[in-house]
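Input: a single structure, listed below in structure tokens.
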Amino acid sequence: MKLSPDQLDALTEVVNIGVGRAAATLCELVDDHIALRVPNVRVCDPSLLGDPTSLTGEALDTSVVQDFSVTMRGRALLAFPQSSGVTLAQLLGQQDEGCDDLDFDLAGVLEEVGNIVLNAVLGSLANLFEGELDYTVPQLRAEEAAEGIIADYHTGSDEQTVLMADAHFDVANSAISGSLLLAFSMNEMAALLDKLVLASET
Amino acid sequence: MSNAEVSPEVIAASAAEYDVLPLGVCIVDAKLTVCAWNRTLEGWTGINRGDIIGRPLSEQYPDVARRGIASRLAAVFRDGAPIVFSAALHRHFLPILQPTGVLMPQRTHVTPCGDGSGRAAIVIEDLTHPMSQLEQLRRDRNRLEQSQTSLRRQQEELEATNTKLTEASRKAEEANRSKSEFLANMSHEIRTPLTAILGFADILVDGADPEAGVAAAETIRRNGEHLLAIVNDILDLSKIEAGRVEADLTCCSPLDIAEEVTSLMRVRAEARGIGLHLRIGDGVPGAFHSDPIRLRQVLLNLLGNAVKFTDEGRVELVVEAAETKPPVDGSGQIVFSVSDTGIGIPADKLRSIFEPFNQADTSAQRRFGGTGLGLAICGRLATTLGGTIGVTSEPGAGSTFRLAIPMCKASCEAPKLGFDCESLEAAQREKPLPAPSPPKPAPPQAIANDARPLAGRRVLIAEDGPDNQRLIAYHLKKAGAEVTVVENGQQAVEALTAEPSREPAHELVLMDMQMPVLDGYQATTELRKRGHAGPIIALTAHAMEGDRKKALAAGCDDYATKPINAPQLIEMIRGWLGKSATTAAE
């Protein structure tokens, strides 16, 4: 599926609305300033996803995963290279840096952060449909490639498409990069784009 | 909402549904009024469901009304999206005091009930056990990592020890090999003069004519002196190695010592047709403190080597003053340099020539005798004198040995500096040299029946030592043999391969194994390669185990050691000539 520049701009804006809400929630949660940006969004076929990597070139092997259904059906991931995920969790959880292990506490923090971001972005998309979504409880999946988690998700015979965006967190003077990945059916993507057009016209 | 607004049926149904779970479950409505409180929560909190259901959760737990939590709980009801509260960020979402007095760590998620009731379930997981398990895992992992680190360290230490042991083993093997080579050489060097001494003594005993008797006695004396020099070298080195030699510092003149040693060596240099020169540089003091005996010994050794290893050209002794590096107040060095235009030393031998049991050339082709201890002694004595010795050399162009010792220009009226040196002569007086044991006489019956057992037999002697040439030739001629003497292996090969095939000029070869140009091993191998089938008897001063096998492996038929036992040697020759004749007849 190829999107026009206008469609991509509109999609980016909707995602960023959700991202902005997530950032506000994170700030409230840790009582500190946190900036979260998703500067560009792209759409691709899952088979072309290959081995998605972060801006630093590291493999995305640590993801918070939530499935959603009803109005739209699909799978959402906030994925990081493990070292970046650990650093983000350490900064937000105010834990000592230096260790690269994703321990119990850090996994919980990362899971909560992913939950906040994914809920906000999915909520923003759901608002376009003026409908509700059912969500699964977020789950952290470590040491597992993001593209494999996307490939594992099946929604029947519909062709799948993946919305992918770089996610930049600025926390305590540190910049951390991850990726936001949303997999859903081509038809639903088409419907989403229709809604975007309608929303932009109004 | 109050207790009265929730029907008892709902409460009972909720309790029955969630009581079986090992999780704390609290059902709340959008106003966070408690609708259900399962048995697990009752147990954890001590709050009976009847006391909390229908009451605002914030009554018991005011924190749920905090901004950061309340807004997210509100989002659950607004958006229908589940939320999680991590243990690290919300360790005590509902503070629950454990029997241990510690608050329970929790992971909490809040999810819409999905039954259209507009309620949400707060599900609390007790992380005490998983965290303690995790802690245990961490401790185990740390211990494992420590063990691995310790094992790695031990492995590294073992590898280092192994490397040291391997190196020590290599050095031990090398030392052992050097010692074996040394013993083999010493055996050869001692046996060679003994061969002449004992052999010419036999000639005297046999009653030689007066002229031959005088020549034999002179040969015996010359070889005896050579043997004494070898023994002295060994004793000298032993004393130095044992730390029993100290410098006896006294006032002496470096110029006098240099002139003296040059004068002593001049006769030998002139005999070899080479020039011997002495040059004194600027700044050399007229007198200094040193041990003149040891200094003279080192210089004589260096000059002796230079003359010995130089066939043509010149040898020069240069005495110079030099600054120490770094300079030390009131002191400097006197450097004695002995240069020659001799054969030189290969680069790979330069480092080992000052080591005992090492010689620049240990091969059988050595043209020059000697114990191989002279430079080892010089090196030790240089240290005893407080100085150093070194060498630069270019094979084929010559060598320069450089002895540098402290100048010590103190007044020669000063008392001795406390060194108490024991002279070599004193040591020799204390420990007289043991007399060499003569070889056991051969059984007389060997030649008793035949005064000329080798009459008319043609024997080729390949031997480089003039004394041994004369001695062996004497005995063989006396036994009736016709003797031809050549000086090295190459000449032997030429003499034998030039023979007409039907009537060989030489029926048997006595082959010395250590000769210049081409040694006995190479010559024998070459002869056998060229088809020479006649008997070859190895004759060598190498009497170490393995020498016999080595000679036979080279193609020799038999093996005789020096000093020679004339009757046995003649019997051996006769035996081989008999076999040879039989083989030829067959």
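A short reminder: the numbers here are calculations on the coordinates, not readings from a lab. Keep in mind the model is a prediction, meaning the values are calculated, not measured. Backbone-built Cβ (ideal geometry, glycine too); neighbour counts: all protein chains shown.
Worth a mention:
- Base-10 log of normalised Debye intensity for region B:454-578 (one unit scatterer per alpha-carbon) at q = 0.11, 0.14, 0.21 Å⁻¹: -0.31, -0.51, -1.26
- Cα gyration tensor shape of region A:121-202, rounded if a/c is under 1.5, else prolate or oblate by comparing a/b with b/c: oblate
- Helix A:104-129 and the longest principal axis of the C-alpha atoms of chain A enclose an angle of approximately 20°.
- For region B:298-322 and region B:30-95, distance of Cα centres in Å: 105 Å
- Checking every one of the trypsin sites (Lys or Arg not before Pro) in region B:185-266 against DSSP loop status and a limit of 15 other Cβ atoms within 10 Å picks out B:R244.
- Neighbourhood charge, 14 Å Cβ-Cβ cut-off, centred on B:G116 and excluding it, Lys, Arg +1 and Asp, Glu -1: -3
- Phi-derived couplings, Karplus 6.51 cos²θ - 1.76 cosθ + 1.60 at θ = phi - 60°, listed residue by residue for region B:340-348: 9, 10, x, 6, x, 10, x, 4, 6 Hz, with x used for Gly and Pro.
- Global geometry of region B:144-222, whether rounded, prolate or oblate, following the gyration tensor of its Cα atoms and the 1.5 cut on a/c: prolate
- Taking only Cα atoms of region A:106-163, radius of gyration then Dmax in Å: 13.4, 38
- Rel. contact order, % - alpha carbon contacts under 8 angstrom, at least six apart, chain A: 32 percent
- Cα-based convex hull, region B:216-351, per residue volume (Å³, whole number): 166 Å³
- Of B:K179/B:K549; B:K349/B:K562; B:K164/B:K550; B:K179/B:K529, those spanning more than 27 Å from alpha-carbon to alpha-carbon: B:K349/B:K562; B:K164/B:K550; B:K179/B:K529
- Above 12 Å, the calculated P(r) of region A:1-51 contains 68 percent of its Cα-Cα pairs.
- Ranked B:W37, B:W576, criterion: other C-beta atoms within 10 Å, fewest first: B:W576, B:W37
- Charge context of B:L276, other residues only, Cβ under 9 angstrom, K/R +1, D/E -1: +1
- Burial ordering of B:C35, B:C251, fewest other beta-carbon atoms within 10 Å first: B:C251, B:C35
- Shape of region A:1-139, Cα gyration tensor, a/c cut at 1.5: prolate
- Dividing the radius of gyration of the alpha carbons in region B:68-188 by their Kirkwood radius gives 1.64 for Rg/Rh.
- For the pair region A:57-114 / region B:132-192, the C-alpha centres are spaced 48 Å from each other.
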